[in-house]
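The values are calculated or read from the model by the stated rules, or taken from the named source; none is laboratory data. Please read these numbers as outputs of a predicted model, since none were measured by experiment. Quick reminder, even Gly has a Cβ in these numbers, built from the backbone with ideal geometry, and neighbours come from all protein chains shown. Please note that ligands, DNA and RNA were not included when accessible areas were found on the heavy atoms of the full protein model with its side chains. Shrake-Rupley method; radii C 1.70, N 1.55, O 1.52, S 1.80 Å.
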Amino acid sequence: SLTRMTALLLEREEETKLYQEQMGMLEKQKEMHKIILDQVIKDITEKNQKTESQREHIQELEKQQEKQRIAVSRMNKDLEKRDQEIRSQQEEREELERQLELQRTAVTKISKELEERDQEIGSQQEQIRELERQLE
């Protein structure tokens with residue numbers, strides 16, 4: 001009976017050692033799983049931070065794009081306004097050139113008329129002198 005108890009005790013000790021070894025392995029696995037989980041959490045956190053940073057960068061780029069769109073729109077309006085001013089000035093210039101040409105034509109006509117009258121007056125003065133000579 002003592003041998004049987006000793007054998008039973010030895011068997012229990014071996015089972016206990018086996019359980020302890022299994023517990024040790026399970027503890028090591030648990031520690032490895034914790035390390036892996038921590039690394040996965042760290043990776044996910046870094047990716048989330050990177051994603052957030054990219055999102056903020058995209059928002060900033062969209063704001064800049066909107067500002068540039070507004071600036072281009074203003075520049076287009078300014079260009080249209082200047083283009084209209086240039087066309088208006090060109091039309092005014094053409095009108096002034098047309099008026100100037102009309103005035104030149106009128107001055108030329110008046111100059112010819114004055115020249116003709118001057119010739120007439122000169123001719124009449126010559127006739128008057130001739131008549132005065134004849135009266136003497």
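Checking Ile35, Ile70 one by one, the residue that is open to solvent by 90 Å² or more (accessible area, probe 1.4 Å), free of Cβ contacts under 8 Å to residues at least 24 places away in the same chain and β-branched (Val, Ile, Thr) is Ile35 and no other.
Keeping to the stretch 1-17, report how many residues are part of a helix (DSSP H, G or I) and open to solvent by 90 Å² or more (accessible area, probe 1.4 Å). Step through it out loud before you land on a result.
Taking the stretch 1-17 as the starting set, the residues that turn out to be part of a helix (DSSP H, G or I) are 2-17.
Among the residues that remain, those that are also open to solvent by 90 Å² or more (accessible area, probe 1.4 Å) are: 2-5, 9-14, 17.
Qualifying residue count for the region: 11.
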